[in-house]
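Structure record follows, encoded as structure tokens.
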Amino acid sequence: MSTGSGAHSAPAPNSQEDTVSDATATTPGTAPGIAAGPAATPRKGTFSSLRIRNYRLFATGQMVSNTGTWMQRIAQDWLVLSLTGSSAAVGITTALQFLPMLLFGLYGGVIADRFAKRRLLLLTQSAMGLTGLALAVLTLSGQVQVWHVYLVAFALGLVTVVDNPARQAFVSEMVGQDELRNAVSLNSANFQSARLIGPAVAGVLITAFGSGWAFLFNGLSFIAPVAGLLMMRTAELHKVDRVPRSKGQLREGLRYVSGRPDLIWPIVLVGFIGTFGFNFPIWLTAFVYHVFHAGAGTYALFNGLMAAGSLIGALLAARRAGSRLRLLVGAAMLFGALEITAAAAPSFWIFAALLAPIGMVGLTINVTANSSVQMATDPLMRGRVMSLFMMVFMGGTPLGAPVVGWVTDTFGARVGFLVGGAISMAAAALIGLILARVGGLRLKIDLRRGHQHVAFVPRVADGTPPTEKELAAVA
């Protein structure tokens, strides 16, 4: 797609019958993503969406601010642990940052659907920069206390309520439906690239000068995305009609999702994983501090290893032509199994080596769920649906983080990590069975040589294969 593509976007599917991934062609009675079929969408280049000028500006700005964000995350976690010596306190900080998403997430989606997303992002990105500067002033002046960190984390969470759905939905306005999946994957690659750089720089700064300089860099880093948004050519954005103000818009969004198994079950799955499986600030600080008796540099190393795996996962996702729920469920099960294995790792280097594949599989879950939900959603509903997605994915953290932090403090880092992995794995298995049932599929085990040993195949009842509507749920 060239930068001069038309200023309108292709409509997204409006019914369950239309939600089969456009990357998979199916023959009658064949489940998409289960049996082999010819690809309907040609494989794109890994960086195809970067041909679009507006998206290049957006991605460049996000790269700078994401680096600052990761620097602040490392510095914030380590500052709280240094002030309190408690993994539960780190969990409380994480919970406060994501609590607004749980409380107000759906309202953020309504705002994102109602107002121009570029203008919203100018406001939210500026506000996020101010939170970083406030924490820098408190820390560099030597006045910082743990309640200050809690307050700033909560304020950042309030801004994120609007920023997240607006930023997620704005991607389609920049690149259009054809490049949406690639752009979502590159956004994740962007974030994970910054995750490689940010912790490494933060580790050096914290060790040499203290946490305050990492907070200062983060605050100043938001100049880049604000400049990128101001430099965009608005005439080249894909026009999406804004939703007029009216009553019942929250209920309308919830009804829309509840009637779509291809939307509701991926959201439920990422909710379980986000609540119990993604509490890495708690686990990694606990392993560094209590198990390996190391410092901030080791914490930065662990985050860097996870980022390296996540970056590989994002680039692989960018090359895939479509999003399949089968991949989502399989990745979620593998993710839980890897966390359980890491919890039992007998040595420092085995634990460290497992962090890269955990990052890669975790990123695959995020990208697959995000892109499949976005591509299956009507543009007029996208802000509300993505706010629900982010509310469940991130908003579960205030519920899970204090519990996981308490388990980690009480029973040790290994038990805390193992519990998170076990819950993630169990949720993936249960939702996989639900999706298979909705899609009219059954598990087939064939131990004969040369045959696929385990596969899901259409379940024929009374000679009638599953309908296209049923199959759409497991595309």
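Structure summary
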| read-out | value |
| --- | --- |
| Difference of contour (0.36 nm per residue) and Cα-Cα distance, Phe209 to Leu140 | 23.9 nm |
| Trypsin sites (Lys or Arg not before Pro) restricted to DSSP loop in the stretch 270-340 with at most 15 other C-beta within 10 Å | none |
| For the stretch 55-141, alpha-carbon Rg and Dmax in angstrom | 15.5, 44 |
| At R0 = 51 Å, FRET efficiency that the Cβ-Cβ distance of Ala116 and Arg437 yields, to 0.05 | 0.75 |
| Ranked Ser258, Ser387, Ser82, Ser371, criterion: other C-beta atoms within 10 Å, fewest first | Ser258, Ser82, Ser371, Ser387 |
| Rounded if a/c under 1.5, otherwise prolate or oblate - the stretch 301-378, Cα gyration tensor axes | prolate |
| At R0 = 25 Å, FRET efficiency that the Cβ-Cβ distance of His293 and Ser82 yields, to 0.05 | 0.95 |
| Order of Ser126, Ser48 under a 10 Å beta carbon neighbour criterion, fewest first | Ser126, Ser48 |
| Ascending count of other beta-carbon atoms within 10 Å, so fewest first, for Val404, Val64 | Val64, Val404 |
| The stretch 166-294: radius of gyration and largest Cα-Cα distance (Dmax), Å | 20.2, 56 |
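Values in this text are rule-based calculations from the coordinates and carry no lab data. If you're wondering where the values come from, they're calculated on a predicted model, not measured in any experiment. Neighbour counts are summed over all protein chains in view; Cβ atoms, including those assigned to glycine, are modelled from backbone coordinates with ideal geometry.
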